[in-house]
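Right, one structure below, let's go through it.
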Amino acid sequence: MMRTINVVEGTPFDLAPADARHLRNAVARLKVQLRPKFGILFEEGGQFRLSNIVGTVDLGPGTVLQVAPKISNGSDWGAAVVSLLTGEERIEPGGERPAGTSTIHTRLVDAVADAYAARLERAYRQDGPILSMERFDLQSPSLRGKLHASRWARAAAWRPHIFPVSRTVISHDNPYSQLLIEVAAALQNKVKSAKIRLRLSTVARDLSLGGVARGSGVVPLVRQLPSQWGAYKAAWSLALAIISKTSLFGPSGHHTGMSLAVEAWPLLEALLGRTLFDVAAYGREVGRSFHHVSQGEVKLLRLVHGTAASSFNPQPDGRLYEDGKLIASFEAKYAAFNGTMPEREHIYQALTTAAACRAPLAVLVYPGQLATQAWTANLLDGGPTHLLAIGLDLFKWPPLPPLERGAALLGALSALGNSQPLPGVAVA
């Protein structure tokens, strides 16, 4: 029977000495896999605190630690995370299920398994199993295939009836099927739902054409899916995300357990980028021209003389343009906002980065759900005139449709208190 310890990201908790030792080992494995930008595990006053990760951490000996987000609105946060795991792909977990019908996932591994099973099932229904042309060398009693004449001649005196040949055959046992089956088998071992386990087992068996699909723990070193198997792209991209986010698959091909955890702050940046993309899509619908840039350095400090090692060039998390003119710069902050005033460091970073960009509007983006807050900025000419704090409701599921989300962000940018909307930003 699996024992589950439920904790909340950023909240201190107690552990028995044995569990504490296993947690330290599990976090060490996760650090190797995730290469996190910030610290994960903190020990203070005999208590533990996990920061900046959400998901499932396997402690070994039948115990898992479930880490829920610190900012959650009680919705299906697992499905929300899955929807952001696969980069630009915009397919919803579970195969575009109608809004409001998804299961509430309080475990990331269950949400991932549910989505993965649905994507594999959809691809298999559309295109059947992945088959590839494989070339084999074998000793055959019949002359079928390409004969290796010199090899046959060397042994023909005592076994002329055996032909060394090469054959090209259609095979289901290829690296692409193997990778998908390995991920399915790994997820089967960790999900609580018997229904999801059965779905994963069934589709893995189908991919192996009825063979045994239990998984060996060894993942083929392939990462690019051939274009002719585009139906499997959604499942493939999620499988690669699982491989990169879990400590299950080690270099030796063996594993001690399955920790499926993700850094939380990149999810907010991913959602910001997707929302800015939605602004551009909404703009096209209403006859306006927006485009956005994610990351990219802007010059702020240039070395004149002294011992400083280099210049300092901040990277805004997003910039929004209309008709080629910059209208706002964005800084994503994975932190709780008290609804009154952002942290001093957040204010300084947003305003100085916007000034370096020559953006008239500096925007702080938080993961929670909050009403847009707006302030005028008392800066010299050339600096931003306003600072906004907005919330993208990171863990909301189902999310707003893309056009509604783009319109909502554009509306937030125009919500500058009782002042006139920023020129060029008012919603049509």
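Each reported figure results from applying straightforward, stated rules to the coordinates on display, with no laboratory input. The shown structure was predicted, so the numbers you read here are calculated from the model rather than taken from an experiment. Because the Cβ atoms are built from the backbone with ideal geometry, glycine has one as well, and the counts that use them run over all protein chains shown.
In what order do Glu44, Glu182, Glu322 fall by count of nearby beta-carbon atoms within 10 Å, going from fewest to most? Walk me through the numbers before you get to the answer.
Values: Glu44 8, Glu182 25, Glu322 19.
So the ranking, lowest neighbour count to highest, is Glu44, Glu322, Glu182.
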Margin query: Please rank Ser227, Ser75, fewest neighbouring Cβ atoms within 10 Å first, as an exposure proxy.
Written below: Ser227, Ser75
Check: Roughly how many nanometres apart are two label points built 7 Å out from the Cα toward the Cβ at Lys192 and Leu370?
Finding: 3.1 nm
Checklist line | Residues Lys31 and Arg284, FRET efficiency given R0 of 41 Å [Cβ-Cβ distance, rounded to 0.05] | finding: 0.45
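What does the charge add up to near Pro160, with Lys and Arg as +1, Asp and Glu as -1, over the other residues with Cβ less than 13 Å from its Cβ?
Summing Lys/Arg as +1 and Asp/Glu as -1 gives +3.
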Next item on the list: Calculate, in nm to one decimal, what Leu403 and Asp127 gain on full extension: separation in residues at 0.36 nm each, minus their alpha carbon distance.
Entry: 96.3 nm
Checklist line | Cross-link reach list, lysines versus Lys31, counting only Cα pairs under 17 Å and skipping chain neighbours closer than eight places | finding: Lys245
Notebook entry, point to check: For the cross-link pairs Lys195/Lys333; Lys192/Lys396; Lys146/Lys233; Lys70/Lys233, which exceed 26 Å when the distance is taken from alpha carbon to alpha carbon?
Noted result: Lys195/Lys333; Lys146/Lys233; Lys70/Lys233
Next item on the list: Within 10 Å of each residue's Cβ, count the other Cβ atoms and sort Val293, Val304 from fewest upward.
Entry: Val304, Val293
Next item on the list: Report, by chain and number, residues whose modeled amide H sits under 5 Å from the one on Ala332, excluding near sequence neighbours (fewer than 5 apart, same chain).
Entry: Asp317, Val365
Note to self: If I model a spin label as a point 7 Å beyond the Cα along the Cα-Cβ vector, how far apart are those points for Val222 and Ser310 in nm?
What the structure shows: 3.9 nm
Next item on the list: Mind giving me the FRET efficiency for Asp323 and Arg302? R0 is 35 Å, r the Cβ-Cβ distance, nearest 0.05 is fine.
Entry: 0.75
